[in-house]
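Peer 1: The following block contains the structure, expressed as structure tokens.
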Amino acid sequence: MAWRFFSFLSKTLNPNPSSSSTPFSTSFLVTKTPKIFKKKLKPKPSPRTTPVRTEPKRIPHFERILHRDALLRFVTRSKQFLSAQPEHVLRLDDAGKLHRELGFPRGRKVSRFIQRHPLLFQTYRHTDAKTWLGFTDLMDDLLAEERSLMDTLELNRVEKVRKLLMMSSRNRIPLSKIHHCRTLFGIPDDFRDRVSKYPNFFRIVVENDGRRVLELVNWDPLLAVSALEKEFVVDEDSAKRKFRFPVKYGKDLDLELDDSRKLNLLNALPLVSPYSDGSKIDGWTLEAEKYRVGVIHEFLSLTLEKRASIHHLVEFKEEFSLTKHTYQMLRKQPQVFYLAGTEMNWGVFLKDAYDGNGDLIEKDPQAVFNEKLYKYAQVDQMEPRCDDDGVEEQHLT
């Protein structure tokens with residue numbers, strides 16, 4: 001009786017067994033498309049990777065400068081960080097954790113970057129059985145040379161800071177911002193300590209939140225002359241052709257090409273002086289745009305290499321009344337500024353400050369020193385040679 005019951009139950013649950021059963025199994029067949037046959041999707045454009053300039057419009061020597069900065073980021077940042085350490089040394093174990101301060105990618109071994117610059121950095125084992133990172137003798141000599149150079153150029157740097165204060169709103173800038181951008185202008189690391197030597201120029205004010213702010217004591221009209229104004233006096237026509245502030249007009253005017261250029265030229269010059277108070281200018285007028293263009297031009301002319309990154313401009317956003325549209329504003333002035341890099345991390349150059357090979361026409365002594373440091377950073381060893389008098393000298397190899 002039991003077998004009859006189970007037979008009846010199976011027929012009830014599956015009345016047509018021939019339709020659900022097949023003589024062959026298909027479980028071995030591949031039902032997914034192999035990866036090699038899948039269509040590869042193009043990555044979505046990102047401001048982090050999208051270049052500012054497309055290939056036909058790129059200027060190679062400006063792009064190479066940014067590429068060089070990326071390659072030597074470890075040298076420049078490690079030089080600053082180690083110089084501020086006692087005895088200019090750092091435990092190698094600690095150095096591996098300071099990727100941001102020393103300028104190497106996170107997750108990479110710091111020893112690999114040390115080995116790339118054997119003339120400047122070295123590791124050695126101390127009596128505590130720990131490995132330490134420090135400068136070579138050559139690097140110590142270079143740092144001593146740089147300190148001497150800073151002392152010689154101190155008055156020039158003081159003048160730069162005075163001009164920055166005169167450009168800023170309320171003639172004051174937090175000391176932390178000046179210190180953060182000190183290498184951009186060649187300002188010494190201990191400038192905050194040197195301020196007390198110039199009471200006729202500067203005053204330090206401590207705000208309620210503890211922030212130390214540098215204020216201008218006396219306004220000097222002789223310093224309130226921009227580089228553009230000096231150029232305008234020398235060559236007025238050349239200065240007029242640089243900037244473009246197109247005028248929007250209706251199609252009903254039906255202007256000829258020459259008439260349109262003349263109309264636009266009326267709004268090209270004069271620019272608003274960067275030493276005027278930008279906070280009093282209406283933020284969305286042509287006058288405000290002229291003011292901001294003039295401020296950035298003067299800011300770049302005060303730098304060592306006549307260039308800056310977006311991070312430097314953002315640092316002084318409040319002091320110079322800049323807006324979030326600075327990137328688009330600079331792109332409208334291709335005769336004066338060249339933007340390189342990516343849309344998220346770009347740098348801006350003063351084009352007239354460079355020759356056709358990408359070299360600065362007028363070089364600050366600190367810029368000359370930096371070039372020498374970069375040359376030492378990119379070679380492996382010094383090769384001894386003899387001059388005509390038989391004296392042994394060291395040459396780069």
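Peer 1: Using DSSP to call loops (not H, G, I, E or B), can you name the GluC sites (Glu not before Pro) in region 207-237 whose Cβ has at most 10 other Cβ atoms within 10 angstrom?
Peer 2: E207
Peer 1: Under 5 Å between amide H atoms, partner at least 5 residues away or on a different chain: which partners does E343 have, H built in plane at 1.01 Å?
Peer 2: Close amide H contacts, sequence-distant or interchain: T50, V52.
Peer 1: Then there is this: Holding the Cα-Cα limit at 30 Å, pick out from K109/K351; K109/K160; K197/K317; K79/K363; K197/K375 the pairs that are longer than that.
Peer 2: Pairs exceeding 30 Å: K109/K351; K109/K160; K197/K375.
Peer 1: Hey, got a sec? Which trypsin sites (Lys or Arg not before Pro) in region 40-87 land in a DSSP loop and have at most 14 other Cβ atoms within 10 Å?
Peer 2: K40, R48, R58
Peer 1: Could you tell me how far the Cα centroid of region 180-219 sits from the Cα centroid of region 100-173, in Å?
Peer 2: Each part reduced to its Cα centre gives a spacing of 20 Å.
Peer 1: Which whole-angstrom value gives the distance between the alpha carbon centres of region 299-320 and region 328-359?
Peer 2: 13
Peer 1: Among T123, P86, F113, which residue has its Cα furthest toward the positive end of the charge dipole of region 60-135, with +1 on Lys/Arg Cβ and -1 on Asp/Glu Cβ?
Peer 2: Result: F113.
Peer 1: Provide the FRET efficiency to the nearest 0.05 for the D237-D282 pair, computing r from the beta carbons and using R0 = 30 Å.
Peer 2: In this case the efficiency is close to 0.50.
Peer 1: In whole Hz, what ³J(HN,Hα) sequence does region 92-100 give by Karplus (6.51, -1.76, 1.60; θ = phi - 60°), x for Gly and Pro?
Peer 2: 5, 4, 6, 4, x, 9, 9, 5, 6
Peer 1: Something else: What chymotrypsin sites (Phe, Trp or Tyr not before Pro) in region 278-329 are in a loop by DSSP, with at most 14 other Cβ atoms within 10 Å of the Cβ?
Peer 2: Passing sites in region 278-329 are W284.
We did not get these values from a lab; they are worked out from the coordinates using the rules stated. Quick caveat, the model's predicted, so the values are computed rather than measured. Don't worry about glycine lacking a Cβ; one is built from the backbone with ideal geometry, like all the others, and counts go over all protein chains shown.
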